[in-house]
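The values are calculated or read from the model by the stated rules, or taken from the named source; none is laboratory data. Computed from a predicted model, the values in this text were never measured in an experiment. A quick note on method: Cβ atoms are made from the backbone with ideal geometry, for glycine too, and the neighbour counts reach across all protein chains shown.
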Amino acid sequence: MEWLLLALASAVFAAVGAIVDKTIFNRYKNDPVSFQVIIAVANLPVLVGYYLIARPVLDATTLAAAGVGALMFLAIILYNKCMKKEDASRVVALSYLQPIIIFVLGFFLLGESGSVANVVGILLLILSAILISYKRTGKAFRFENDILLMMLAYDVMVGIRYIVVRWSTGLSATPHTPLDMMFWILCGSQVMAYATLVLSKQKRECFAREAKRMGFGGWALREYGNLIDLLGVALLFYALSLHSAAEISALTAAQPFFVFLFSAIIFKLSPKTMHEDLGSASIIQKLAAFALIVLGSWLIVS
C-alpha cells in the first residue's frame, strides 16, 4: 500500500500549493501567463541543482516528457485563470474529471482494466463536477461554463502527463526514475516560459512589472509554494511508478477536502489573505460534491 500513502501525501502537498497560489493571486493580482513565467523562474535554481547532481539523460522518452512539460505550461495557465476567477476549492474540485480521462487513456494505451464499479465511480465524478460548477446568484444558480470548459481542457492535458509518467517510470522496458521525469517535464515548461517572454513584448513588460511589484516577500512566498508543489509532484510520480494511473488519479481526489479545510481556516484567521465562500449553501454544495468525489473514487479503486 506504499502507492496509496504516496498518493494521499501528494494530495496534501498539492492542496497547500493551491492555497499558496490563491494567496499570491489575491495579494498581487498576477496575470495568469506572467504568474506561470514567475513559477518557471523560481524553479530554475532547483532544476540547475538537480542537473548538476543527477545528470539526467536526454533520450526519446525524456524528450517526450519535455513535450508534456510544454503542454503543462499551457494547462496551468488555464488553471491559474480559473483560480483567479473562482474559489480555490471549487476550481480544485473541477480538476477531478481527470480520473475519467485517465481511466479511458489507461485502458486503451496502457492496458489497465476496469469494472462496473469503476464506471459508476466515473459517473459520480462527472456528477460532482457538474454540481461544483454551479454558483448561486441571487435566488438562482448559474452555470459557470467558462470555468468548466477551461478546467476540462486542463484535465485532458494533466491526463496525458499521468499516462506518460506511468508508462515511462513503471511499464517501459527501460524505465526512468520519477525525479528524472519530473526534471524533464519541468524543463519543457521552462522552454515555454522563456519563449513567451522572447516572442511577446507585452508579456515581457507585464512580467517585469509584476516581478518587481512582488518584491522579496512575494518571491519568498513563491519559492515556498514551488518547493511544496515539487514535493507533491515527486510523491505523485513515485506513486505512478508503482501502481495504476487511473487509481492514483482517483485517490488524489482527497485534495479538495484539504483545500477547503485549509482555505476556511486561513479565511477565518485572516480574511484579507484568502477569500473563500463559507455561506451555508456554499458549504453544503461543496460537501455534497466532495462526498460524490470520495464515493466515486472509492468505486474506481475497488
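Kindly indicate the residue of the range 50-94 that is β-branched (Val, Ile, Thr), at pLDDT 80 or above and within 15 Å of the chain's Cα centre (by Cα) and also nearest to Gly17 (Cα to Cα) among those meeting that condition.
As a first pass, look at the range 50-94 and keep what is β-branched (Val, Ile, Thr): 53, 57, 61-62, 68, 76-77, 91-92.
Next, from what is left, pick out any that are at pLDDT 80 or above: 53, 57, 61-62, 68, 76-77.
Now narrow it down to the ones that are within 15 Å of the chain's Cα centre (by Cα): 68, 76-77.
Working: Val68: 21, Ile76: 13, Ile77: 15 Å.
Here the residue is Ile76.
Would you confirm whether or not the range 95-113 contains a residue that is surrounded by fewer than 22 Cβ atoms within 10 Å (Cβ to Cβ), at pLDDT 85 or above, in contact with a Lys or Arg (Cβ under 9 Å, 6 or more places away or on another chain) and part of a helix (DSSP H, G or I)? Show your work before the answer.
Let us first name the residues in the range 95-113 that are surrounded by fewer than 22 Cβ atoms within 10 Å (Cβ to Cβ), namely 101, 104-105, 107-113.
If we keep only those that are at pLDDT 85 or above as well, we get 101, 104-105, 107-111.
Remaining after also requiring in contact with a Lys or Arg (Cβ under 9 Å, 6 or more places away or on another chain): 110.
Filter once more, keeping what is part of a helix (DSSP H, G or I): 110.
The answer is yes; a qualifying residue exists.
Residue-wise test of (1) at pLDDT 80 or above; (2) of a type in the set (S, T, N, Q); (3) touching a Ser or Thr at 6+ places or on another chain (Cβ under 9 Å).
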site: Leu235; (1), (2), (3): yes, no, yes
site: Tyr238; (1), (2), (3): yes, no, yes
site: Ala250; (1), (2), (3): no, no, yes
site: Val259; (1), (2), (3): no, no, yes
site: Pro271; (1), (2), (3): no, no, no
site: Gly279; (1), (2), (3): no, no, no
site: Leu292; (1), (2), (3): yes, no, yes
site: Ser297; (1), (2), (3): no, yes, yes
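Condition first: touching a residue at least 40 places away in the same chain (Cβ under 8 Å) and surrounded by fewer than 16 Cβ atoms within 10 Å (Cβ to Cβ). Can you find one or more residues in the range 13-25 that meet it? First the steps, then the outcome.
At the first step, the residues of the range 13-25 found to be touching a residue at least 40 places away in the same chain (Cβ under 8 Å) are 13-25.
Subset that is surrounded by fewer than 16 Cβ atoms within 10 Å (Cβ to Cβ): none.
No, there is no match, as no residue in the range 13-25 is touching a residue at least 40 places away in the same chain (Cβ under 8 Å) and surrounded by fewer than 16 Cβ atoms within 10 Å (Cβ to Cβ).
Conditions tested, residue by residue: (1) of a type in the set (Asp, Glu); (2) touching a Ser or Thr at 6+ places or on another chain (Cβ under 7 Å); (3) more than 30 Å from Ile100 (Cβ to Cβ).
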site: Met181; (1), (2), (3): no, yes, no
site: Leu186; (1), (2), (3): no, no, no
site: Val191; (1), (2), (3): no, no, no
site: Thr196; (1), (2), (3): no, no, yes
site: Leu199; (1), (2), (3): no, no, yes
site: Glu205; (1), (2), (3): yes, no, yes
site: Lys212; (1), (2), (3): no, no, yes
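Taking the condition surrounded by fewer than 19 Cβ atoms within 10 Å (Cβ to Cβ), in contact (Cβ under 8 Å) with a residue 60 or more places away in the chain and part of a loop (DSSP other than H, G, I, E, B), does Leu44 pass? Let's see the steps before the verdict.
Numbers: surrounded by fewer than 19 Cβ atoms within 10 Å (Cβ to Cβ): yes; in contact (Cβ under 8 Å) with a residue 60 or more places away in the chain: yes; part of a loop (DSSP other than H, G, I, E, B): no.
No: the conditions fail for Leu44.
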